[in-house]
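For reference, the structure discussed in these notes is given below.
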Amino acid sequence: MEDVAAVILAAGKGTRMKSDRPKVLHEVCGRSMVEQVIHTAGEAGCRRCIVITGFKGQDVRNAICEPVEFVDQAEQMGTGHAVLQTEPLLDGAREQYVLVICGDTPLLRAETLQGLIDACCRHHASASVLTAVMENPNGYGRIIRDAGGAMKSIVEQKDGNPDELAVHEVNTGTYCFEVRALFEALHQVKNDNVQGEYYLTDVFSILIREGQTVIPVEAKSPEETLGVNSRRQLSEADHVLRRRKIFELMDSGVSVIDPDHTYIGQDVKIGQDSILYPGCILEGSTVIGKHCIIGPNTHVCDFRCGNFCRLESVYAHNCSMGDRNEAGPFVHLRPQTQIGNDVKIGNFVEIKNSVIGDHSKLPHLIYCGDADMGSRVNMGCGSVTVNFDGNRKHRTKIGDHAFIGCNTNLVAPVAIGQRAFTAAGSTITRDVPENALAVGRSRQKNIENWVQKDTYKE
Ligand code: UD1
Ligand code: CA
């Protein structure tokens, strides 16, 4: 393929979103729209990507992690004016062609962009434009053709006469241009239209008038070309992308019981034969292994999970676990937690910034924070690591095979030796040696006949 640079328009405010955030930062399927478009341009083979920013430009720049170049459009004077700002970066560059995409069309597929580039390069055309036939073309620019079907121009909704507005073939705002032809035409664009803007779309009538080759390429699925201008359209786009992700996972051997009630971010990876029950939200860089059963109602973000794990009603973020673990229901796994293999975490357990060794059990009602737990430890019901002294956090160490009795408070910093026991209800403030039993509670005393005869009337 030819070397093609991508230019992404992201300077507009997006007035119709009614938002303080720039439109292109609104997210679809866990990614901002502009990042989604950058990603697709990369997949289509564009190695160089230039993003035009303007409205809250610094916010847009901060939100983009990909290695792109930025150009500022200080005043938003239209899409043609926006693209003109890239001239210093593209003039004399090695790329002969440029792909121009709006930052608000997140559903475009890489194959579609490749088709558009291919049409332009193969025919040595000055431009190709992706068009779509829409049942309701309202709001889009229309593709105007002559009696013979050859393209003449693009007319914006606000400038169109009734005959032009009756056309259902629209401009998707996605183009490939030969760089020199683009800028030569852009310099001739004027702003004598209803919006007083410099329209990128006016380049087409200029090129056609000059007898240059312009190729309209009709999109196979118009759904892909949705331009998001409102929150309603944002939710439509989100729905389409989520479905795409879920179907991809299904095709790779993952079962999703109810796709309408499962939300999986685009960067999430899931191994074969894993099953997702309804009510799952998997976000960020989450990786789930093979043969896991996730859900119902599990919300994880930046979470790594091995194979053969079973999670129900778990909320986990920025933490990891190995293989064959069970967690839930109602478990909270907090950042910097590392769980080994064959661990059992039962209901109402919270674990934070802790390492849990293999085969350990935390079956019910436990708070475990800032702990280094060995293997085959049993932490009884209601036990707590007392990790905070009101000022600083301290760590608790629990050796292999230790048995923490029910309702033990482990007041950190404290270490429990291997195979040691703590008696139920103990408050442990000093280290416990290996193999010892620590009893840290007052002895029981029974007071005979303490209840007065007349305490109860009946
Ligand atoms: C544009 C097209 C229209 C097409 C539609 C497809 C023009 C004149 N019209 O209209 O033919 O059918 O997209 O979705 O191009 N932007 C800037 N700087 C500006 C103005 C806009 O960067 O000065 C950016 C916006 O952030 C947005 C994109 O360009 O990402 C499109 O702008 P928008 O105002 O949404 O154009 P439409 O009216 O939808
Ligand atoms: Ca738009």
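The values are calculated or read from the model by the stated rules, or taken from the named source; none is laboratory data. These numbers were taken from a predicted model, which means no experiment stands behind them. Glycine also receives a Cβ, built like all others from the backbone with ideal geometry; neighbour counts cover every protein chain displayed. These accessible areas exclude ligands, DNA and RNA; they are computed on the full protein's heavy atoms, side chains included. Shrake-Rupley method; radii C 1.70, N 1.55, O 1.52, S 1.80 Å.
Counted residue by residue at 0.36 nm each, then reduced by the alpha carbon distance between them, the extension gain from Asp163 to Glu43 reaches 39.3 nm. Using the Cβ atoms and a cut-off under 9 Å, what net charge is assigned to the surroundings of Phe183, where Lys and Arg are +1 and Asp and Glu are -1? With Lys, Arg at +1 and Asp, Glu at -1, the net is -2. Here the simple spin-label model places points 7 Å from the Cα toward Cβ, and for Lys290 and Arg419 these points are separated by 3.8 nm. Count Lys and Arg as plus one, Asp and Glu as minus one, and take only other residues whose Cβ is under 14 Å from that of Gln418; the net charge is then -1.
The calculated FRET efficiency for the pair Arg430 and Asn62, based on their C-beta separation and a Förster distance of 51 Å, comes to about 0.55. Extension gain for Gln336-Leu437 works out to 33.3 nm (0.36 nm per residue, less the C-alpha to C-alpha distance). Per residue, the convex hull around the alpha carbon atoms of segment 203-289 comes to 148 Å³. Percent of Cα-Cα pairs more than 16 Å apart in segment 124-177, please. That fraction is 38 percent.
In segment 21-153, the C-alpha radius of gyration followed by the widest Cα-Cα span (Dmax) gives 15.8, 49 angstrom. Of Tyr199, Tyr263, the residue with the largest accessible area leads and the full order is Tyr263, Tyr199 (1.4 Å probe).
Computed per residue of the chain from DSSP H runs no shorter than four, each worth -39500 (n - 2.57), the mean residue ellipticity at 222 nm is -5000 deg cm²/dmol. Within the accessible area of the chain, the carbon and sulfur atoms contribute 48%, probe 1.4 Å, all protein chains present.
Net length available on complete extension from Ser230 to Ile275 is 12.8 nm, with 0.36 nm assigned per residue and the Cα-Cα distance removed.
Using R0 = 60 Å, the C-beta based FRET efficiency linking Asp389 and Ala147 works out to 0.10. Pair-distance distribution of the chain: all C-alpha pairs, bin width 20 Å, starting at 0; shares per bin in whole percent are 22, 37, 24, 13, 4, 0. Between Ala438 and Phe421, Thr422, Ala423, the built amide H atoms are under 5 Å apart, and every one of these is 5 or more places off in sequence or on another chain.
Its Cα gyration tensor gives segment 4-225 an equivalent ellipsoid. The semi-axes, each the square root of 5 times an eigenvalue, are 24, 20, 18 Å from largest down. Sketch the reach of a paramagnetic label on Ser313 as a point 7 Å from Cα along Cα-to-Cβ, and name the residues of segment 330-345 whose backbone nitrogen lies under 13 Å away. Zone members listed by number: 330-332. For the listed peptides 224-232, 156-164, a ranking on the average number of other beta carbons within 10 Å per residue, highest first, reads 224-232, 156-164.
Report note on the peptides 214-221, 275-282, 14-21: ranked by the mean count of other C-beta atoms within 10 Å, highest first, their order is 275-282, 214-221, 14-21.
The residues neighbouring Met77, those whose beta-carbon lies less than 12 Å from its own, together hold a net charge of -1 under the Lys/Arg +1, Asp/Glu -1 convention. The alpha carbons of segment 232-274 occupy a box of 35, 20, 13 Å along the principal axes, longest dimension given first. The Cα center of segment 108-145 and the Cα center of segment 364-398 differ in position by 60 Å.
Averaged per residue, what accessible area in Å² does the chain show with a 1.4 Å probe, protein chains only?
Computed with neighbouring chains in place, this is 49 Å² per residue.
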